[in-house]
Amino acid sequence: MPYSLQKKIKQFSLGLLICLLFMAAAISTLGLRDQIVMADVVVVPGNTVNPDGKPSERLRGRLDVAMHLFAAQKCKAILVSGGVGEEGHDEAAVMKKYLVDHGVPDAAVFTDNQGVTTFATAKNTAALMREKNWKTTMLASQFFHIARFQLAMKKYGVETVGHVHSTHYEVRDAYSLAREVVAYFEYTFSNPQTQ
């Protein structure tokens, strides 16, 4: 391979790496800087449910911050969204049970058991908001997920006025952040109507 071509490949690779690192930093900065404001509903996307039917630590982290927002009267309701995971549990039902067991009124927790992707959660949130005449949302998720979550909501016309991140961290968050960089680009150029 000619030296000039090798040099161009190295320059391109370095530029791509810098771009990806910049995106990872931007996604992290957004997600870690909570914006807590009044909203009609807090939306919590699903995650792993343990084989015993209880929320995983990661999922509990999301639910706990949503619960704190509700207790602080920053929202009227909580929407929990998820599908049936590999363990065979309905994530949304498990999430609702956790919130109700921890003092959130049953009537204040809405479930979406078709939220199998972030786009699906956004679509179903938009439908519920039209039904309830809600105007604003806050999002509650892991820090690395907030940017793509906001983007998905925007593509469905949902106004997100704030967000809060789970304070549960894991070693695998580094992998999840790298995956989110790629997923953010994918969502940027995706038409949600085809999802």
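The values are calculated or read from the model by the stated rules, or taken from the named source; none is laboratory data. Source: prediction; values computed, not measured. Glycine gets a Cβ as well: all are built from the backbone with ideal geometry, and neighbour counts include every protein chain shown. The protein model used for the area step is the full one, side chains on, heavy atoms only, and it has no ligands, DNA or RNA in it. Shrake-Rupley method; radii C 1.70, N 1.55, O 1.52, S 1.80 Å.
Points worth noting:
- Filtering the stretch 19-40 to residues that are farther than 16 Å from Ser141 by Cα and without any contact (Cβ under 8 Å) to a residue 40 or more places away in the chain leaves Cys19, Leu21, Phe22, Ala25.
- Qualifying residue in the stretch 155-164 (condition: out of contact with any strand residue (DSSP E or B) (no Cβ under 9 Å at 6 or more places or on another chain) and under 24 Å from Met23 (Cβ atoms)): yes
- Taking the criterion of being of a type in the set (S, T, N, Q), open to solvent by 50 Å² or more (accessible area, probe 1.4 Å) and either at pLDDT 90 or above or in contact with a strand residue (DSSP E or B) (Cβ under 6 Å, 6 or more places away or on another chain) (or both), the residues of the stretch 1-49 that qualify are Thr29, Gln35, Thr48.
- Filter result (of a type in the set (A, V, I, L, M), touching a residue at least 12 places away in the same chain (Cβ under 8 Å) and open to solvent by less than 60 Å² (accessible area, probe 1.4 Å)) within the stretch 105-135: Ala108, Val109, Ala120, Ala122, Ala126, Leu128, Met129
- Residue that is modelled with the lowest pLDDT [pool: residues in the stretch 154-195 that are hydrophobic (A, V, I, L, M, F, W, C) and part of a helix (DSSP H, G or I)]: Phe185
- Checked against the criteria, Arg179 does not count as closer than 23 Å to Pro51 by Cβ, open to solvent by 40 Å² or more (accessible area, probe 1.4 Å), under 18 Å from the mean Cα position of the chain (by Cα) and of a type outside the set (Asp, Glu).
- Total residues in the stretch 50-61, condition basic (Lys, Arg) and open to solvent by less than 60 Å² (accessible area, probe 1.4 Å): 1
- Only one of Ser13, Ser28 that is within 15 Å of the chain's Cα centre (by Cα) and in a helix (DSSP H, G or I): Ser28
- Applying the condition of being of a type in the set (Gly, Ala, Ser) and assigned to a loop (DSSP other than H, G, I, E, B) to the stretch 88-120 and asking which residue is farthest from Arg148 (Cα to Cα) yields Gly103.
- Qualifying position, being in contact with a Lys or Arg (Cβ under 7 Å, 6 or more places away or on another chain) and surrounded by fewer than 18 Cβ atoms within 10 Å (Cβ to Cβ), among Glu159, Glu87, Glu186: Glu159
- For the stretch 62-84, the condition holds for no residue, the condition being that it is in contact with an Asp or Glu (Cβ under 7 Å, 6 or more places away or on another chain), over 23 Å from Gln114 (Cβ atoms) and surrounded by 13 or more Cβ atoms within 10 Å (Cβ to Cβ).
- Residue within the stretch 138-154 that is farther than 17 Å from Ile78 by Cβ, surrounded by fewer than 18 Cβ atoms within 10 Å (Cβ to Cβ) and over 16 Å from the mean Cα position of the chain (by Cα) present: no
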